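Working notes for the structure below.
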Amino acid sequence: MSAASALSKSALKTVPAPSTSAAESVLPAGQHGIKEHSDGRFGYVPVQTRSDRFKSVNVADFEAVTGREAVWKHSPVAKFTDLTAGHVDGSRYPVESTPSPDISVEWVPRTDARIGTAGLPEERAAANAWSAFDDALAITVSGEEAKEITVTRSTLGNSTRGAHTIIEAKPFSQATVILQNTGGARLTENLEIILGESANLTVVSLQEWDDSAVHLANHFASVGRDARLKHVVVSLGGSIVRINPSVRLAGPGSDTLLLGLYFADAGQHLEQQVYVFHDAPKSRSRVNYKGALQGQGARTVWIGDVLIGNKAAGTDSYEQNRNLVLTEGTRADSIPNLEIETGDIVGAGHASATGRFDDEQLFYLQARGITEEEARRLVVRGFLTEVVQQIGSPELEARLQLAIEAELIGTDDK
Amino acid sequence: MSVLEIKDLHVSVETDQGTKQILRGVDLTINEGEIHAIMGPNGSGKSTLAYTIAGHPKYHVESGSILLDGAEVLKMTVDARARAGLFLAMQYPVEIPGVTVTNFLRTAKTAIEGEAPPIRTWIKDVRQAMTDLRMDKAFAERNVNEGFSGGEKKRNEILQLELLKPKFAVLDETDSGLDVDALKIVSEGVNRAKANTGLGLLLITHYTRILRYIHPDFVHVFVNGRIAEQGGPELADRLEDEGYDRFLVPSNVG
Ligand SMILES: Nc1ncnc2c1ncn2[C@@H]1O[C@H](COP(=O)(O)OP(=O)(O)O)[C@@H](O)[C@H]1O
Ligand SMILES: [Mg+2]
């Protein structure tokens, strides 16, 4: 039930075919063969190199969102026109954070030199947030010792908001930053993550919003020489949650691990468009997103773009997405794309698969004495644990295991 | 002394063409320690009997009864049947994504015993059973049946049989699709389980070849949803020579 392709040394500029799988029955994602680039051939629309997408911080530079755009075509855009077209409140909001000696959390003005250095909006909701914010929340990490901080937003409420956050890890610093989101929200925002030379930063964005919340986020990361970014997206609660991380491996020897964990239940739309740009030699990336779907109308989208630029000799990359479908009536889209502009690569590959937990599996487990409830728990926990265990924060990992089990039970009531 | 009694069992299944009668009055009593072979042509209802004993929801019991030491099995949930001591080695074992063999075995053992097995002896038992079945250690960390070959799936079924120690096991065509080496290994496993626990066995097969390695006390010929004839091991030899032709009534042909 899986398809994978691996590519070692190759001189081709390649764009493999994307694959989408809607899961009603067992759905292998198909073979993602590496194909030769096809522009110039009759009938083909040339594929735009990912790094060439239009960027602007000004909302007026983007056309109104129709839902036909590549970045929006999987999203229920009609349900959040207030965030793409309306005025959003860009004022400060309450945040709580656990104290940590070498991490400062403060509001900084739009003129802060760091703003705009990690990335720029490529779509209208992101530009809307960028145009609107008054001050940015800046989380600045220094100090070489390992440490953890949790920054919580729990009282955003239901009026529309635009926000901007910066996380900067100074050269050689080390930390885990957990961004915890609970309560209500109608939020569009940008997060910039800047890693100095040899910094080692883990950023966890945890979405445990109320059932009606809408959250659109773009995370832009820039990873310096020999720095390492672990980025984790955990989306459990919220009506529509769309977190799009893009990471530019900017310095030689930079390294990123992008993890994702999502559990969509009835009516939920959870989306993530992941983009890794290898823009320096000897850079390395791993992407691993896993999701479970349960209940009528549960919907997930994963798009994984990896671009290995012409400056990025000797890179190693692998991305995968796996979905576990627990009931009928769900849909999981999983679309990996790999673009390679250099012949000198160590490895590049991707895998995508959507598997189904069905009545026969349940019967098999029950026939070994395992109750139905335990059987589901076993399968989901087994599936998602791989990602949970890589987060590297024992307390958070334990809490997430419980949250996942609560998801399982929660949807049984709906 | 445990006993499994199947009495006048009638079972149907819902199909697109309506209700289809499959079992038409099965009577069978198995005592602990006995090996009963059920032999019959494809489509005669053997798997239906196996699944009905295990409690698969697709099969509707119209009438009859299955008693385990006097208790009505048909009233039990699937998992309760397993905990009561019944085991089904499936003809087509199911892949379970995300669950490793190790995790699955421990969870099943815990469910059946009502408490977690003592870690050290359990790990030792699992290793030993895997070695006996010539299963590579790496299997333990693979997801249940995912990417297993046909033979590996069958070994994995027998591994469970050996570790879960049921009172009665139904083996549904465990022999089919196995080469002779695998057939011997699997048969040894079944014989070992019987020697260790004295379980009763219902050995469902289409061919006689597994009966060279597992010796039945009784042979039942299963045709058109019921037992058409029964006898001792010599009946299997006769079937080997003559096939099922003489049992097949015209209505069942085609
Ligand atoms: N779930 C089902 N749906 C429709 N027909 C079934 C189903 N299960 C079994 N049957 C039919 O019942 C008959 C007996 O099947 P089965 O018990 O599998 O036989 P055997 O194991 O002896 O080959 C066959 O004709 C088969 O097609
Ligand atoms: Mg059968």
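The values are calculated or read from the model by the stated rules, or taken from the named source; none is laboratory data. All of these numbers come straight from a predicted model, not from anything done at the bench. Here the Cβ is made from the backbone with ideal geometry for all residues, glycine too, and neighbour counts use every protein chain on show.
Of B:Val99, B:Val73, all but one fail to be at pLDDT below 95 and under 18 Å from B:Leu164 (Cβ atoms); the exception is B:Val99. Within the range B:136-150, the set of residues being within 21 Å of A:Gln361 (Cβ to Cβ) and either within 14 Å of chain A (Cβ to nearest Cβ) or more than 16 Å from ligand 2 (Cβ to nearest atom) (or both) comprises B:Phe139, B:Ala140, B:Glu141, B:Arg142, B:Asn143, B:Val144, B:Asn145, B:Glu146, B:Gly147, B:Phe148, B:Ser149. Here A:Thr354 does not qualify as surrounded by fewer than 22 Cβ atoms within 10 Å (Cβ to Cβ) and either under 20 Å from the mean Cα position of the chain (by Cα) or at pLDDT 90 or above (or both).
Taken as a whole, the range B:172-183 holds at least one residue that is within 16 Å of ligand 2 (Cβ to nearest atom), within 14 Å of chain A (Cβ to nearest Cβ) and part of a strand (DSSP E or B). Being within 16 Å of ligand 1 (Cβ to nearest atom) and modelled with pLDDT under 95 is the requirement here; does B:Pro57 meet it? For B:Pro57, the condition - within 16 Å of ligand 1 (Cβ to nearest atom) and modelled with pLDDT under 95 - is not met. Listed by position, the strands (runs of 3 or more DSSP E) enclosed by the range B:18-117 that each have at least 1 residues that are of a type in the set (A, V, I, L, M) and within 12 Å of another protein chain (Cβ to nearest Cβ) are B:86-89. Reported count of residues in the range B:59-70, each being farther than 15 Å from B:Met90 by Cβ and either within 13 Å of ligand 2 (Cβ to nearest atom) or β-branched (Val, Ile, Thr) (or both), is 2.
For (1) in contact (Cβ under 8 Å) with a residue 40 or more places away in the chain; (2) in a helix (DSSP H, G or I), each residue gets a yes or a no:
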residue: B:Arg120; (1), (2): no, yes
residue: B:Lys124; (1), (2): no, yes
residue: B:Arg127; (1), (2): no, yes
residue: B:Met135; (1), (2): no, no
residue: B:Ala138; (1), (2): no, yes
residue: B:Glu146; (1), (2): yes, no
residue: B:Glu152; (1), (2): no, yes
residue: B:Ile158; (1), (2): yes, yes
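If you go through the range B:184-222 and keep only what is within 16 Å of ligand 2 (Cβ to nearest atom) and either at pLDDT 95 or above or under 14 Å from the mean Cα position of the chain (by Cα) (or both), you end up with B:Leu202, B:Leu203, B:Ile204, B:Thr205, B:His206, B:Ile210, B:His220, B:Val221, B:Phe222. Among the conditions (1) within 16 Å of ligand 2 (Cβ to nearest atom); (2) buried (at least 22 other Cβ atoms within 10 Å of the Cβ); (3) under 20 Å from A:Tyr364 (Cβ atoms), B:His56 misses just one, which is (2). Taking the range B:185-245 and the strands (runs of 3 or more DSSP E) fully enclosed by it, the elements with 1 or more residues that are farther than 25 Å from B:Pro166 by Cβ are at B:218-223, B:226-231.
Filter the range B:23-53 for residues that are farther than 24 Å from B:Arg209 by Cβ and surrounded by fewer than 22 Cβ atoms within 10 Å (Cβ to Cβ); which is nearest to ligand 2 (Cβ to nearest atom)? Per the stated criteria, the residue is B:Arg24.
Give the residue that is surrounded by the most Cβ atoms within 10 Å (Cβ to Cβ), with candidates limited to residues of the range A:72-88 that are closer than 11 Å to A:Arg242 by Cα, out of contact with any helix residue (DSSP H, G or I) (no Cβ under 9 Å at 6 or more places or on another chain) and not polar (S, T, N, Q). The residue in question is A:His74. Scanning the range A:207-223 for residues that are touching a His at 6+ places or on another chain (Cβ under 7 Å) and of a type in the set (Gly, Ala, Ser) yields one hit, A:Ala221. Considering the range A:360-377, and only residues there that are surrounded by fewer than 21 Cβ atoms within 10 Å (Cβ to Cβ) and modelled with pLDDT under 90, the residue that is nearest to B:Phe104 (Cα to Cα) turns out to be A:Arg377. Can you spot a residue in the range A:149-162 that is within 20 Å of the chain's Cα centre (by Cα) and either crowded, with 24+ Cβ neighbours inside 10 Å or not assigned by TED's automatic domain parsing to the domain that holds A:Asn244 (or both)? For the range A:149-162, residues within 20 Å of the chain's Cα centre (by Cα) and either crowded, with 24+ Cβ neighbours inside 10 Å or not assigned by TED's automatic domain parsing to the domain that holds A:Asn244 (or both): present.
Table: residues versus (1) outside the structural domain of A:Ala312 (by TED's automatic domain parsing); (2) at pLDDT 95 or above.
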{"position": "A:Ser2", "(1), (2)": "yes, no"}
{"position": "A:Ser8", "(1), (2)": "yes, no"}
{"position": "A:Lys13", "(1), (2)": "yes, no"}
{"position": "A:Ser21", "(1), (2)": "yes, no"}
{"position": "A:His37", "(1), (2)": "yes, no"}
{"position": "A:Arg53", "(1), (2)": "no, no"}
{"position": "A:Trp72", "(1), (2)": "no, yes"}
{"position": "A:Gly86", "(1), (2)": "no, no"}
{"position": "A:Val95", "(1), (2)": "no, yes"}
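With the requirement that a residue be away from ligand 2 (no atom under 16 Å from the Cβ) and either in a loop (DSSP other than H, G, I, E, B) or free of Cβ contacts under 8 Å to residues at least 60 places away in the same chain (or both), what does the range B:1-14 give you?
Correct list: B:Met1, B:Ser2, B:Asp8, B:Leu9, B:His10, B:Ser12, B:Glu14.
For B:Leu239, the requirement of being under 27 Å from A:Phe357 (Cα atoms) and buried (at least 19 other Cβ atoms within 10 Å of the Cβ) is not met. For the range B:158-178, residues that are within 16 Å of ligand 1 (Cβ to nearest atom), on the phi < 0 side of the Ramachandran plot and among the acidic types (Asp, Glu) total 2. Residues in the range A:288-296: is at least one of a type outside the set (A, V, I, L, M), closer than 25 Å to A:Ser198 by Cα and part of a strand (DSSP E or B)? Yes - at least one qualifying residue is present in the range A:288-296.
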